[in-house]
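K.L.:
Below you will find the structure I want to go over with you.
Read-outs: derived from the displayed coordinates by stated rules, not from any lab. This structure is a prediction, so every number in the text was calculated from the model and none was measured. A quick note on method: Cβ atoms are made from the backbone with ideal geometry, for glycine too, and the neighbour counts reach across all protein chains shown.
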Amino acid sequence: MVVGSRLRAGLPSTDHRPPDKKMQQQLSTKHLLGIKYLTEDDIQIIFETADEFKEVINRPIKKVPSLRDITVANMFFENSTRTRISFELAEKRLSADTVNFSASASSVSKGETLLDTVNNVLSMKVDMIVMRHPAPGAPQFLARNIKANIINAGDGTHEHPTQALLDAYSIREQLGDLAGKKIAIFGDITHSRVALSNIFCLQKLGAEVKVCGPPTLIPKHLPALGVGVEHDVRKTLEWCDVANVLRIQLERQDIKYFPSLREYSLYFGINKELLDSLNKKIVIMHPGPINRGVEITSDVADSEHSIILQQVENGVAVRMAVLYLLAARK
Ligand code: CP
């Protein structure tokens, strides 16, 4: 079904675009495997659709019938709070049927392969798979081997595309068009799928991107992607309009990358004293979960400059848009 007819079926009367414009709103892909595979137009279509769904989720009745003929399986092979709940709510707000799968409570623990597991789920007439998996490339592998739409909800240290989309959407809401905006990503870039997806997304939208952290936590290939590299937090804060602060991913670190958390916080943490001394307003973001007092202090995370909870709110609208647009590409 084309997006226009689904819009007419499910979206509010605030959809004033002419029918021919609606008919053009198709993504170039049937999967969301990574931001790397999206065009700038795809991202703009997702944002415009998310604008409409944001209006829906702020109504007293937060539901539209757009995906009432669709069944989605949320398959999480790794822990999640935000992404998992956000996808489930997005599906429910679109009236899709949903099933939730947890690797620890499944027959994966008996040795079943990923492909067998997914094929068994699909044989129960599931249309779309939302998957988080610890192995980078797992969603690409599935997309090559099954017919259903695949949405990557985070694959190892590779990509987390819906996080990057909701991050960019949240920046757009604060600052308007991202072209020319200066965005700094702080922290553990090496182990972060959020960092790579953000870099691809922000660059496609014309923003300038810098990363800042200890040299041990910044991959050597980043300058080849057109990303600036800094190790001085103050200098980077003086440069940027937006600071996206990432968590130290201790669970993915098999060796020591810095002497101690205390030292990390001292040299690379973002605190209020530092922000106040800059004499400028910076939008503060964090994808969560936050290590309070390590990469960011509570008085910054909870300050008026922080949009951390707006990011989470926007995640539902952005994921509704992604589900809705991909369902039209069955
Ligand atoms: N930001 C994010 O992916 O959070 P979860 O791991 O809780 O889903």
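K.L.:
May I ask you to list the trypsin sites (Lys or Arg not before Pro) in the range 142-197 that are in a DSSP loop and have at most 13 other Cβ atoms within 10 Å of their Cβ? Working shown, then result.
P.N.:
Values: sites: ARG144, LYS147, ARG172, LYS181, LYS182, ARG193; in loops: LYS147, LYS181.
Passing sites in the range 142-197 are LYS147.
K.L.:
If you don't mind, another one. Using the beta-carbon distance between VAL229 and SER95 and R0 = 51 Å, what value does 1/(1 + (r/R0)^6) give for FRET efficiency, to the nearest 0.05?
P.N.:
Numbers: r = 46 Å, r/R0 = 0.90.
Efficiency, from the Cβ-Cβ distance: 0.65.
K.L.:
Related question: With axes computed from alpha carbons, what is the tilt in degrees of helix 308-327 against the longest principal axis of the chain, rounded to the nearest 10 within 0 to 90?
P.N.:
For 308-327 against the chain, the angle is about 30 degrees.
K.L.:
Determine the relative contact order of the chain: mean sequence separation of Cα pairs under 8 Å and six or more apart, normalised by residue count, in whole percent. List each step's numbers first, then the result.
P.N.:
Numbers: 606 pairs, mean separation 68.0, N = 330.
Relative contact order of the chain: 21 percent.
K.L.:
Quick check on the chain: helices-only [θ] at 222 nm, where DSSP H runs of length 4 and up contribute -39,500 (n - 2.57) each and the sum goes over total residues. Nearest 500, please.
P.N.:
Numbers: 13 runs with 132 residues, N = 330.
Value at 222 nm, helices only: -12000 deg cm²/dmol.
K.L.:
Quickly work out the ASN120-to-LYS281 label distance, labels modelled 7 Å from Cα along the C-beta direction, and quote it in nm with one decimal.
P.N.:
Computed distance between label sites LYS281 and ASN120 equals 5.4 nm.
K.L.:
Of LYS181/LYS281; LYS62/LYS204; LYS36/LYS182; LYS181/LYS280; LYS92/LYS147; LYS235/LYS281, which ones are farther than 25 Å apart at the Cα? Can you show the working numbers first?
P.N.:
Numbers: LYS181/LYS281 14 Å; LYS62/LYS204 31 Å; LYS36/LYS182 20 Å; LYS181/LYS280 15 Å; LYS92/LYS147 23 Å; LYS235/LYS281 15 Å.
Those over the limit are LYS62/LYS204.
K.L.:
Take every DSSP beta bridge with both residues inside the chain and express the antiparallel ones as a percent of the total, to the nearest 5.
P.N.:
On the way: 1 of 36 bridges.
The antiparallel proportion sits near 5 percent.
K.L.:
Shifting gears a bit: For the range 288-322, list residues with backbone N below 20 Å from a point placed 7 Å from the Cα of GLN26 toward its Cβ?
P.N.:
In the range 288-322, the label zone of GLN26 (backbone N under 20 Å from the point 7 Å along Cα→Cβ) covers 321-322.
K.L.:
A further question follows. Trypsin sites (Lys or Arg not before Pro) within the range 216-263: which are DSSP loop residues with at most 14 other Cβ atoms inside 10 Å?
P.N.:
On the way: sites: LYS220, ARG234, LYS235, ARG247, ARG252, LYS256, ARG262; in loops: LYS220, ARG247, LYS256.
Passing both the DSSP loop test and the Cβ count: LYS220, LYS256.
K.L.:
Quick one: angle between helix 193-204 and the longest Cα principal axis of the chain, in degrees between 0 and 90, rounded to 10, please.
P.N.:
Orientation of helix 193-204: about 80 degrees from the principal axis.
K.L.:
Using a cut-off of under 16 Å, list every residue of the range 297-330 whose amide N is near the label point 7 Å from the Cα of ASP51 along the Cα-to-beta-carbon line.
P.N.:
317-318, 321-322
K.L.:
At 20 °C and 1.002 mPa s, grab the translational diffusion coefficient of the chain from Stokes-Einstein with a Kirkwood Rh over Cα pairs, rounded to a whole number in µm² per second. All intermediate terms of the calculation are to be shown ahead of the outcome.
P.N.:
Working: Rh = 20.4 Å.
In µm²/s, the coefficient is 105.
K.L.:
If you don't mind, there's one more thing I want to ask. Could you pull out every one of the lysines with an alpha carbon less than 20 Å from that of LYS110, ignoring same-chain neighbours closer than 8 positions?
P.N.:
none
K.L.:
Multiply the residue gap between LYS36 and LEU261 by 0.36 nm, knock off their C-alpha separation, and tell me the result in nm, one decimal place.
P.N.:
Working: separation 225, 0.36 × 225 = 81.00 nm, distance 3.24 nm.
Residue separation times 0.36 nm, minus the Cα-Cα distance, leaves 77.8 nm.
K.L.:
Using alpha carbons only, how many degrees (0 to 90, rounded to 10) separate the axis of helix 40-57 from the longest principal axis of the chain?
P.N.:
Here the helix axis deviates by roughly 80 degrees.
K.L.:
Let me ask something additional. Report, in whole Å, the centroid distance computed from the Cα atoms of the range 115-135 and the range 251-330.
P.N.:
Measuring centre to centre over Cα atoms gives 30 Å.
K.L.:
Classify the range 108-172 as rounded, prolate or oblate from the Cα gyration tensor: take a ≥ b ≥ c as the square roots of its eigenvalues, call it rounded if a/c is under 1.5, otherwise prolate when a/b beats b/c and oblate if not. Mind showing how you got there, number by number?
P.N.:
Numbers: a/c = 2.69, a/b = 1.76, b/c = 1.52.
Prolate, because a/c is 1.5 or more and a/b exceeds b/c.
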